[in-house]
There are 2 protein chains.
Amino acid sequence: MDLAKRAYDHGFRLDPIVRSLLDTDFYKLLMLQMIWREHRDTPVVFQVINRTRSVRLADEIDIGALREQLDHARTLGFTNKELVWLAGNSFYGVKQIFSPDFIGWLTDYRLPDYDLSVQDGQYVLTFAGAWAEVTLWEIPALAILNELRCRVGLRRLGRFEMDVLYSRAKTRLWSKVERLRALPDLALSDFGTRRRHGFLWQRWCIQALKEGLGQAFIGTSNVLHAMENDLEAIGTNGHELPMVLAALAPDDAALARTPYAVLDEWRRHYGGNLLVVLPDAFGTEAFLDQAPDWVADWTGFRPDSAPPIAAGERLIDWWRAHGRDPKEKLLIFSDGMDIDGIEAAHAHFHGRARLSFGWGTNLTNDFRDCSPAFAPELEPISLVCKVAEAGGRPAVKLSDNPEKAVGDPAEIERYRRVFGVRGLTAQPVVV
Amino acid sequence: MDLAKRAYDHGFRLDPIVRSLLDTDFYKLLMLQMIWREHRDTPVVFQVINRTRSVRLADEIDIGALREQLDHARTLGFTNKELVWLAGNSFYGVKQIFSPDFIGWLTDYRLPDYDLSVQDGQYVLTFAGAWAEVTLWEIPALAILNELRCRVGLRRLGRFEMDVLYSRAKTRLWSKVERLRALPDLALSDFGTRRRHGFLWQRWCIQALKEGLGQAFIGTSNVLHAMENDLEAIGTNGHELPMVLAALAPDDAALARTPYAVLDEWRRHYGGNLLVVLPDAFGTEAFLDQAPDWVADWTGFRPDSAPPIAAGERLIDWWRAHGRDPKEKLLIFSDGMDIDGIEAAHAHFHGRARLSFGWGTNLTNDFRDCSPAFAPELEPISLVCKVAEAGGRPAVKLSDNPEKAVGDPAEIERYRRVFGVRGLTAQPVVV
């Protein structure tokens, strides 16, 4: 026995959940560079929202343990190795996608302070400050809350029960891998950082996909896992861009233009396969209705809240109406996907458009019915971290699924007036 | 990293399969004590027989590696701790079941030499010498061959595939445990040493049963695992006793008396729950036909080659015919049992007799369809190590299943003439 190792291990003050600022989703870094250039001082507030209200997170997770993890994340800086890699690696086939001045700014970056309180059994966790400072909190905040909750579940299990738990979860994931192998021309990536069971489990899942799917596994949204496992970092842009810019719009006319203004800004910074439209922030129908023709030149769409097959059909129709060949266009499905939905969408669209799947919670946190003992904390919940305010005004997301709408009710009404409500269909939000 | 550990680990000359002489089945020690008292110098030959002829063991397993493992086993002696435990522990509720003079003899015991050659792709592995010297070879020889073969299979797998393999095997075993939990008054023990996938896997299986079944898991046949996991050591007697004594019988009349002479000898050495009859060495029907009434006083029967339900019914009838209450008698099923057969026998006999299950190959070596890559060596085979000769004469086992008969064909004919062939039913031999 290595006495020194044992003594050291038993002296751990903390088992940190987030150990690197690269342990985040790639789209955050792409968005951050644009935010830093264009809107770095815009005041925003991000807020964690638990959409699974039945789970009283503040009763399950100890507030002291949560503060310790958040405080630990605040001690992290990008390491020299990480910055050299960000500067030198090619992303989406582009060299030096991150400029030297941005890398320079990252060098001294630390996560800013947070505000934490409890209300009705839920944590009220907010991050207020300059947009460029606070945006990176999204992923570590979610990963910390999810993993702390899973640890509560794990503490209910004996050593042996844990072994059975992980054996079952591995067996389940591998059975999914075997089904995925049967899909020709599959392109799939890990999008599971924010809702993962834990960092090490996400790594196992990624290695399983790399081993089992080969070239069909195109990469991971997690920048750290991408670097450490020699994989492509995957991701483009998220809802925070249109949400913040919409909140800043001076009037209804400017609000209506926001979805396209965001894309216009994005294409000034990025090109090629990074030109992926996230159309649903204020409703996909409204977006497509008013979209300028140049939007049809973009590489693809990532429908994120409508049922995948209906959404894909609508987008294919739209491309055709704009004289584009859908076969040259990309559809990225990433909303609550699991093996059945991936198979169904693949069967439906294969050969009709380029397809890609972003597999999240059901990849990195599918422990349902895996525990040999009662441990409800191992079931995933629907936790998000969204912009709540920008420039002192409430931020809003409508989404194609009214169940996923966030924001001040009066503002939601205003947005619905401006963008219309066509195409909105309520769906249960699972994960 | 612990540099010393890594350097040491990489310098292993051999990863020994058998690391203790207690890594054997308990019945071998009980039989050995009697053999040592009554027949220690009787010359016998034990021989390994691969009943799964389609598997060419000598093509799969390197002969050098086999010699190294056998030679390593020959270096082992009982340790002081092991002898103190054998002398001081209670077995089947009996203190000092092993006498001081026998323990004294064990102190200097080593496994004797072996003879190894190859014929038609099979190993011819024999152990010749005084019965008390060679009998202990049975279990280590089988465990070594089985584990070496599994290692051949494992070498086909990558690190990740091994992880999936064991996850699937653990998941499968645990699903069996969950079914076993539903059986009231279950009594089940591990009998899987000889056909195990490996020592460490057997330990995992034992710990799974201990954790999952609680009191329904009554122990293990493996003496080392029993000692290390604070479990009961389980087992009584095996076919070698009647086989050797039958070979020594001077004429047909003495041969016909042998099955009862063996029991008579056994009851002079052991009592109580160790009085378990193994009735099938020369056919159960013949045995019951001629059995003296005192055999019905014994605790129970272990039918070992007839279909369990038919065998149990026959024994219950026999007890009743002899005026004994089957509810006070014990039926031990241990021939190729798995979860379906255990459930069926339990459903059939529960409440009608005391029941106990000895779970072997399908407990400790069920990796069928678990490997994510081609690795046929991970499927179990039917390997046995039987007495081939005693006192210079061929030894014979008829069994209730002619497929399991062993011995010189002319002698088998003679035994069939002496004992008759009623009740013999051919069944495929799976494990």
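Things to note:
- Positions within the stretch B:5-33 being among the acidic types (Asp, Glu), assigned to a loop (DSSP other than H, G, I, E, B) and farther than 22 Å from A:Asp2 by Cα, in sequence order: B:Asp23
- Odd one out for B:Val276 among (1) among the aliphatic types (A, V, I, L, M); (2) within 26 Å of B:Ala249 (Cα to Cα); (3) touching a His at 6+ places or on another chain (Cβ under 7 Å): (3)
- Considered as a group, the residues in the stretch B:390-431 that are among the charged types (D, E, K, R) and under 15 Å from B:Val244 (Cβ atoms) include one that is modelled with the lowest pLDDT, and that residue is B:Asp408.
- Test for B:Glu161: is it of a type in the set (D, E, K, R) and modelled with pLDDT of 95 or more: no
- Residues that are within 14 Å of another protein chain (Cβ to nearest Cβ) and surrounded by fewer than 18 Cβ atoms within 10 Å (Cβ to Cβ) do not occur anywhere in the stretch B:122-129.
- Applying the set (1) under 25 Å from A:Glu211 (Cβ atoms); (2) in contact with a Pro (Cβ under 8 Å, 6 or more places away or on another chain); (3) not small (Gly, Ala, Ser) to B:Leu154 leaves exactly one unmet item: (2).
- When the stretch B:367-394 is limited to residues that are in contact with a helix residue (DSSP H, G or I) (Cβ under 6 Å, 6 or more places away or on another chain) and assigned to a loop (DSSP other than H, G, I, E, B), the one that is farthest from B:Gly158 (Cα to Cα) turns out to be B:Gly391.
- Residues that are surrounded by 14 or more Cβ atoms within 10 Å (Cβ to Cβ), in a loop (DSSP other than H, G, I, E, B), of a type outside the set (D, E, K, R) and modelled with pLDDT under 95 are absent from the stretch A:325-334.
- Meets criteria (hydrophobic (A, V, I, L, M, F, W, C), in contact with a Cys (Cβ under 9 Å, 6 or more places away or on another chain) and under 29 Å from B:Thr42 (Cβ atoms)) for B:Leu136: no
- Any chance B:Ala344 is within 14 Å of chain A (Cβ to nearest Cβ), surrounded by fewer than 20 Cβ atoms within 10 Å (Cβ to Cβ), over 22 Å from the mean Cα position of the chain (by Cα) and at negative phi: no
- The set of residues in the stretch A:305-314 that are surrounded by 24 or more Cβ atoms within 10 Å (Cβ to Cβ) and either among the charged types (D, E, K, R) or modelled with pLDDT of 95 or more (or both) contains only A:Ala311.
- The conditions of being closer than 19 Å to A:Ile234 by Cα, under 26 Å from the mean Cα position of the chain (by Cα) and more than 9 Å from every other protein chain (Cβ to nearest Cβ) are not met by A:Arg179.
One line per residue, one yes/no per condition, for (1) more than 30 Å from B:Ala395 (Cβ to Cβ); (2) aliphatic (A, V, I, L, M); (3) within 14 Å of another protein chain (Cβ to nearest Cβ):
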position: B:Leu142; (1), (2), (3): no, yes, no
position: B:Arg156; (1), (2), (3): yes, no, no
position: B:Asp163; (1), (2), (3): yes, no, yes
position: B:Ser175; (1), (2), (3): yes, no, yes
position: B:Arg194; (1), (2), (3): no, no, no
position: B:Ala208; (1), (2), (3): yes, yes, yes
position: B:Thr220; (1), (2), (3): no, no, no
position: B:Gly235; (1), (2), (3): no, no, no
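- Taken over the stretch B:193-208, residues that are buried (at least 20 other Cβ atoms within 10 Å of the Cβ) and either touching a residue at least 60 places away in the same chain (Cβ under 8 Å) or at positive phi (or both) amount to 9.
To keep it simple, each residue is scored yes or no on (1) among the small types (Gly, Ala, Ser); (2) in contact (Cβ under 8 Å) with a residue 60 or more places away in the chain; (3) within 14 Å of another protein chain (Cβ to nearest Cβ).
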site: A:Arg13; (1), (2), (3): no, no, no
site: A:Leu22; (1), (2), (3): no, yes, no
site: A:Arg51; (1), (2), (3): no, yes, no
site: A:Phe78; (1), (2), (3): no, no, no
site: A:Gly104; (1), (2), (3): yes, no, no
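- Of residues in the stretch B:407-431 being in a loop (DSSP other than H, G, I, E, B) and β-branched (Val, Ile, Thr), the one nearest to B:Asn146 (Cα to Cα): B:Val431
- Within the stretch A:256-270, considering residues that are assigned to a helix (DSSP H, G or I) and in contact (Cβ under 8 Å) with a residue 60 or more places away in the chain, the one farthest from A:Ile332 (Cα to Cα): A:Ala256
- In summary, A:Ala253 fulfils each of the numbered conditions (1) crowded, with 16+ Cβ neighbours inside 10 Å; (2) part of a helix (DSSP H, G or I); (3) small (Gly, Ala, Ser) with the single exception of condition (1).
- Residue count for the stretch B:209-243, restricted to those that are part of a helix (DSSP H, G or I) and over 17 Å from the mean Cα position of the chain (by Cα): 10
- Hey, A:Ile103 in a helix (DSSP H, G or I), crowded, with 21+ Cβ neighbours inside 10 Å and either at pLDDT 95 or above or among the small types (Gly, Ala, Ser) (or both) or not: no
- Scanning the stretch B:28-44 for residues that are surrounded by fewer than 19 Cβ atoms within 10 Å (Cβ to Cβ) and under 21 Å from B:Asp115 (Cα atoms) turns up B:Arg40, B:Asp41, B:Thr42, B:Pro43.
- When residues of the stretch A:271-302 are limited to those that are of a type in the set (Phe, Trp, Tyr) and assigned to a loop (DSSP other than H, G, I, E, B), the one surrounded by the fewest Cβ atoms within 10 Å (Cβ to Cβ): A:Trp298
The values are calculated or read from the model by the stated rules, or taken from the named source; none is laboratory data. These numbers come from a predicted model, not from an experiment. Because the Cβ atoms are built from the backbone with ideal geometry, glycine has one as well, and the counts that use them run over all protein chains shown.
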